[in-house]
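So the structure is just underneath, and the comments pick up after that.
The values are calculated or read from the model by the stated rules, or taken from the named source; none is laboratory data. It should be emphasised that the depicted structure is a prediction, and the values quoted were computed from it without experimental measurement. A quick note on method: Cβ atoms are made from the backbone with ideal geometry, for glycine too, and the neighbour counts reach across all protein chains shown.
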Amino acid sequence: MRSWLTLLGIFIGIAAVVSLVALGDGLRAAITEQFSDAGTDKLIIQAQNVGFAPPGSTAVNKLTVDDYEAIKKIRGFKVVAYRLLRSSSLEFSDTKTFSFFISMPEGNEERKLVEDAMSLEPIDGRMLKTGDKYKLVLGYNFFKNDIFDKKPKIGNKILANGMEFEIIGFLDKMSNPQFNGIVLINEDAMVDALALDDSVDIITGQVINVNDIDDVAERVKKELRKRRDVDEGEEDFSVETPQQAVETFNSILDVVQAVIVGIAAISLLVGGIGIANTMFTSVLERRKEIGIMKAIGARNNSIMTLFLLESGTLGLVGGVLGVVLGIIFAKLVEIIGNNFLAEGLIVARFNPLVIIGALLFGFLIGTLSGIIPARQAAGLPPVDALRK
Amino acid sequence: MQPIIELKDVWKIYEIGSVKINALQGINIKVNKGEFVSVQGPSGSGKSTALNMLGSLDIPTKGTVYLDGHDISKLTESNLATIRGKKIGFVFQQFNLINTLTAKENVMLPMIFQGVEKEERVKKAEELLKIVDLQDRMDNRPTEMSGGQQQRVAIARALANDPEVILADEPTGNLDSKTGVSVMDFLHKLNKEGKTIIMVTHDEYTAKNADRIEYLVDGEITKTVKK
C-alpha cells in the first residue's frame with residue numbers, strides 16, 4: 001500500500017508528460033498539414049491582439065475595407081482578397097444551429113484566390129459566382145447531415161440569421177475538420193444578412209513572384225504601421241506566410257509544452273522524494289534483516305545493490321503505470337475531442353522515444369532516490385542492525 | 001596448531017553519555033578446530049558482546065580478534081563479510097530467518113552472497129534441509145513453521161557455505177525442552193563430523209553439552225572447565 005502511494009508522484013508526472021507530449025505532437029502535425037494546403041505564394045494579414053488571442057476575437061483593433069484597398073495597391077501583389085468570418089444562426093426544417101460564415105469576395109480572381117487558399121471543392125452542386133446574392137454553399141457536415149432533422153438538398157431554402165437563402169452546393173471533406181461545418185456566402189449578402197460594418201477579418205494576398213514574398217510582406221507592414229499609427233515591433237497586426245503561421249503556432253505550442261513538462265518535472269521530483277522517504281522507512285523496518293544478511297556474509301555492496309534495485313523497480317513500475325495512464329488519458333481526450341469538437345482535430349501521436357525515455361527516467365529517478373537510503377542500509381554495523 | 005578463533009586481551013567499552021560500561025574486560029579465549037566450546041554466564045555478563053567478537057560481527061575497543069589467523073580489525077567490512085560468510089555459520093536464539101523467503105530460499109541466501117551458481121545452490125539447500133529432516137517443508141515460509149522447525153532451517157542455513165565454525169547464540173532459548181534436545185543433538189552430530197561449535201548460553205544444563213565451558217561474569221572469564 002505504501003509503495004503504491006509512493007508511486008503516485010512518479011506516476012502522475014510521467015502520465016502528464018506522455019499524454020501532453022502525445023497530444024501536442026498530434027496537434028502540431030494536424031496544424032502543419034492544414035497550412036501546407038494553402039500554398040507558399042500567399043500572405044495572410046490579420047489584426048492581432050498584442051498578446052495571444054484567437055483570430056476574429058473582438059478585443060482587437062480590426063482591419064477595415066480601407067486597409068484592404070490600401071494593401072491592394074501595394075507593389076508585388078497579383079491579387080488580394082479579404083474575408084469576413086462570423087458566427088451566426090442557421091435554421092432549416094425547424095432546427096436552429098450556429099455556424100461559422102465565411103464570405104466569398106466579389107471579383108473572379110479574388111474568388112479563385114480564396115478557393116485556392118482554403119482548397120474549396122464542391123462535392124455536390126456548384127460554388128458561388130458573382131451575383132449569387134441570397135445563395136449559399138454549405139460545408140461537408142451538412143451534406144453528410146448530422147445537423148438538421150431533414151437532410152438539406154440543392155435548391156432548398158434555408159434561413160441565415162433570419163434571412164432566406166437558397167442552397168446551391170455542398171463542399172467536399174477538408175483536411176481541417178473545423179472547415180467542414182462552414183457556410184460560404186457572397187460578401188454583399190453576408191454584410192446584408194448579418195448587418196456588418198466595414199471591418200475585415202482576414203486579408204489574403206497572392207504575390208506575383210514567390211521570391212519577393214518577404215519584400216512584399218515588409219511593404220504591407222510599413223503601410224499598415226503608417227495607417228494604424230504603430231511603431232515597428234509593436235504591431236497590432238500580423239503579416240505571415242502560411243509557413244510562418246505554422247512556426248508561430250509551433251513556438252506557442254513549444255512554450256505551452258515546456259511549461260507543462262516543467263510542472264510534470266516538479267511532480268517527478270516530489271515522486272523521487274517520496275521514493276526516498278519510503279526507502280528510508282524500509283531501511284529502518286528492515287534493520288534486522290540487513291543485520292542477518294550481513295551476519296551470513298552479505299557484503300556492503302550486495303546490500304546496496306539490493307536496495308537500489310528495489311527503489312529502481314519502484315520508479316520503473318511508476319513509469320510503466322504513468323505511460324499506460326498517459327496513453328489512456330491522451331486517447332480519452334482524443335475521443336472526447338472527436339465527439340464534441342470536430343473529428344480529427346485532436347489526434348494523440350505517441351513517439352516511442354518519449355515512452356522509452358519516460359520508462360528509463362522513472363527507473364533513474366527511483367535509483368537516484370534510493371542511493372542515500374541504500375548507503376545508509378549498507379553502512380549499518382551488523383551488531384547494531386541485529387539488536388532488536 | 002593455529003586456533004580457528006582467538007580473542008586476545010579483548011576489551012569492549014560502551015560509552016553511554018558520560019558513563020563508561022566495560023562489557024568485556026580483557027578476555028582471552030582460544031578455540032581450536034573441531035572443539036565444542038560453551039560460553040556460559042548470567043544475563044549482563046557480556047555473553048552477547050563476546051559472541052559478537054567471536055563471530056567477527058563487532059570490533060573490540062582494545063585487544064585483537066584473530067579469525068583463521070587474520071586480525072579482523074585490519075580487514076575492510078566487505079572482506080570481513082566474505083570471510084564471515086565462508087568460515088562462520090550463525091544460529092541465533094530468535095532464529096533470524098527472513099520471513100518473506102521460503103525455507104529453501106533462506107538456506108540459499110548465504111550461497112548467493114558467496115556467488116555460488118544457482119543450480120548448485122538449489123541442490124545444496126535441498127540436501128541440507130533433508131539433513132535437518134525438513135524435506136517436506138522446503139517451500140514453506142518461516143511463519144508457517146514451528147520454532148523447532150525454524151531453528152532447524154537456521155542450522156541448515158548456517159551450514160550452507162560449509163563453514164568451519166558454527167556459532168550458536170542461545171540456540172535452545174526459544175524452544176521447549178524436547179525440541180531443544182533435538183537441536184542439541186544436531187549440533188553434536190555436526191561436531192562429530194568435524195565442525196567447530198561455539199555456543200553462548202546462560203543455561204548450565206545446555207552448556208554441559210560442550211567439551212569445554214568458559215564461565216563469563218562481569219566481562220571476565222572466571223573459570224574454565226574441561227570435560
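Could you pull out the residue among A:ASP132, A:ASP94 that is in the same structural domain as A:ILE71 (by TED's automatic domain parsing) and on the phi > 0 side of the Ramachandran plot? Lay out the reasoning, then the answer.
Working: A:ASP132 fails: on the phi > 0 side of the Ramachandran plot.
It is A:ASP94.
B:GLN25: in contact (Cβ under 8 Å) with a residue 60 or more places away in the chain, out of contact with any Leu (no Cβ under 6 Å at 6 or more places or on another chain) and more than 9 Å from chain A (Cβ to nearest Cβ), yes or no? If you could, list the steps in order and put the result at the bottom.
Working: in contact (Cβ under 8 Å) with a residue 60 or more places away in the chain: yes; out of contact with any Leu (no Cβ under 6 Å at 6 or more places or on another chain): yes; more than 9 Å from chain A (Cβ to nearest Cβ): yes.
So B:GLN25 fits the description; yes.
Report those strands (runs of 3 or more DSSP E) wholly inside the range A:159-274 carrying at least 1 residues which are hydrophobic (A, V, I, L, M, F, W, C), out of contact with any Pro (no Cβ under 6 Å at 6 or more places or on another chain) and free of Cβ contacts under 8 Å to residues at least 60 places away in the same chain.
On the way: elements: A:163-171, A:182-186, A:202-207, A:237-240.
Ranges flagged: A:163-171.
Considering only strands (runs of 3 or more DSSP E) fully contained in the range A:60-115, which possess at least 3 residues that are farther than 21 Å from A:ASP214 by Cα, touching a helix residue (DSSP H, G or I) at 6+ places or on another chain (Cβ under 8 Å) and in contact (Cβ under 8 Å) with a residue 24 or more places away in the chain? Outline the logic, then answer.
Working: elements: A:77-83, A:85-92, A:95-104.
Ranges flagged: A:95-104.
Select from the range A:285-316 the residues that are within 40 Å of the chain's Cα centre (by Cα) and either surrounded by fewer than 20 Cβ atoms within 10 Å (Cβ to Cβ) or within 14 Å of chain B (Cβ to nearest Cβ) (or both) and list them in ascending order.
Hits for the range A:285-316 are A:LEU309, A:GLU310, A:THR313.
What number of residues within the range B:7-50 are over 18 Å from B:PHE92 (Cα atoms) and surrounded by fewer than 20 Cβ atoms within 10 Å (Cβ to Cβ)?
Counting residues in the range B:7-50 that are over 18 Å from B:PHE92 (Cα atoms) and surrounded by fewer than 20 Cβ atoms within 10 Å (Cβ to Cβ) gives 21.
Tell me, yes or no, whether the range B:130-145 has at least one residue that is in contact (Cβ under 8 Å) with a residue 24 or more places away in the chain and more than 14 Å from B:LYS104 (Cβ to Cβ).
Of the residues in the range B:130-145, the ones in contact (Cβ under 8 Å) with a residue 24 or more places away in the chain are B:131-132, B:134, B:137-143, B:145.
This time we only want the ones that are more than 14 Å from B:LYS104 (Cβ to Cβ), so: B:143.
Yes, some residue in the range B:130-145 is in contact (Cβ under 8 Å) with a residue 24 or more places away in the chain and more than 14 Å from B:LYS104 (Cβ to Cβ).
Could you list, in sequence order, all residues of the range B:93-111 that are within 8 Å of chain A (Cβ to nearest Cβ) and either within 18 Å of B:LEU51 (Cα to Cα) or more than 19 Å from the chain's Cα centre (by Cα) (or both)?
Once the filter is applied, which keeps residues that are within 8 Å of chain A (Cβ to nearest Cβ) and either within 18 Å of B:LEU51 (Cα to Cα) or more than 19 Å from the chain's Cα centre (by Cα) (or both), the range B:93-111 yields B:GLN94, B:ASN96.
Somewhere in the range A:121-129, is a residue under 19 Å from A:TYR68 (Cα atoms) and either of a type in the set (Gly, Ala, Ser) or in a strand (DSSP E or B) (or both)? Before the answer, list the steps.
Looking only at the range A:121-129, we keep the residues that are under 19 Å from A:TYR68 (Cα atoms), and these are none.
Checked the range A:121-129: no residue is under 19 Å from A:TYR68 (Cα atoms) and either of a type in the set (Gly, Ala, Ser) or in a strand (DSSP E or B) (or both).
Is there a residue being touching a residue at least 40 places away in the same chain (Cβ under 8 Å) and on the phi > 0 side of the Ramachandran plot anywhere in the range B:83-106?
We begin by selecting, within the range B:83-106, every residue touching a residue at least 40 places away in the same chain (Cβ under 8 Å); these are B:85-101, B:103, B:106.
Retained after the next criterion (residues that are on the phi > 0 side of the Ramachandran plot): B:95-96.
Yes, the range B:83-106 contains a residue that is touching a residue at least 40 places away in the same chain (Cβ under 8 Å) and on the phi > 0 side of the Ramachandran plot.
What are the residues in the range B:112-123 that are within 14 Å of chain A (Cβ to nearest Cβ) and either out of contact with any Lys or Arg (no Cβ under 8 Å at 6 or more places or on another chain) or of a type in the set (Val, Ile, Thr) (or both), if any? Quick ask: steps written out before the conclusion?
Step one: of the range B:112-123, the residues within 14 Å of chain A (Cβ to nearest Cβ) are B:112-116, B:121.
B:ILE112, B:GLY115, B:VAL116, B:ARG121 - these are the residues of the range B:112-123 that are within 14 Å of chain A (Cβ to nearest Cβ) and either out of contact with any Lys or Arg (no Cβ under 8 Å at 6 or more places or on another chain) or of a type in the set (Val, Ile, Thr) (or both).
Which condition does A:GLY344 not pass, out of (1) at negative phi; (2) at pLDDT below 85; (3) small (Gly, Ala, Ser), if it passes all the others?
Evaluating A:GLY344 over (1) at negative phi; (2) at pLDDT below 85; (3) small (Gly, Ala, Ser) leaves (1) as the failure.
Being more than 12 Å from chain A (Cβ to nearest Cβ) and not in a loop (DSSP other than H, G, I, E, B) is true for just one of B:SER73, B:SER78. Which residue is that? Explain how you work it out, then say what you get.
Working: B:SER78 fails: more than 12 Å from chain A (Cβ to nearest Cβ).
Within the list B:SER73, B:SER78, the selection yields B:SER73.
So, in the range A:288-305, how many residues would count as being out of contact with any strand residue (DSSP E or B) (no Cβ under 9 Å at 6 or more places or on another chain) and either part of a loop (DSSP other than H, G, I, E, B) or farther than 16 Å from B:GLU77 by Cβ (or both)? Break it down into steps so the answer makes sense when it comes.
Residues of the range A:288-305 that are out of contact with any strand residue (DSSP E or B) (no Cβ under 9 Å at 6 or more places or on another chain), as a first pass: A:288-291, A:293-294, A:298-305.
Checking the rest, the ones that are also either part of a loop (DSSP other than H, G, I, E, B) or farther than 16 Å from B:GLU77 by Cβ (or both) come to A:288-289, A:298-299.
Residues that pass the stated criteria total 4.
Do we have B:THR64 as polar (S, T, N, Q), surrounded by fewer than 17 Cβ atoms within 10 Å (Cβ to Cβ), more than 18 Å from the chain's Cα centre (by Cα) and more than 9 Å from chain A (Cβ to nearest Cβ) here?
Numbers: polar (S, T, N, Q): yes; surrounded by fewer than 17 Cβ atoms within 10 Å (Cβ to Cβ): yes; more than 18 Å from the chain's Cα centre (by Cα): yes; more than 9 Å from chain A (Cβ to nearest Cβ): yes.
Yes, satisfied.
Restricted to the range A:126-156, and to residues that are under 29 Å from the mean Cα position of the chain (by Cα) and either of a type in the set (Lys, Arg) or under 23 Å from A:LYS112 (Cβ atoms) (or both), which residue is surrounded by the fewest Cβ atoms within 10 Å (Cβ to Cβ)?
Only one residue tops the list, namely A:LYS144.
Do we have any residue at all in the range A:173-184 that's touching a Lys or Arg at 6+ places or on another chain (Cβ under 9 Å) and at positive phi?
Looking through the range A:173-184, none of the residues is touching a Lys or Arg at 6+ places or on another chain (Cβ under 9 Å) and at positive phi.
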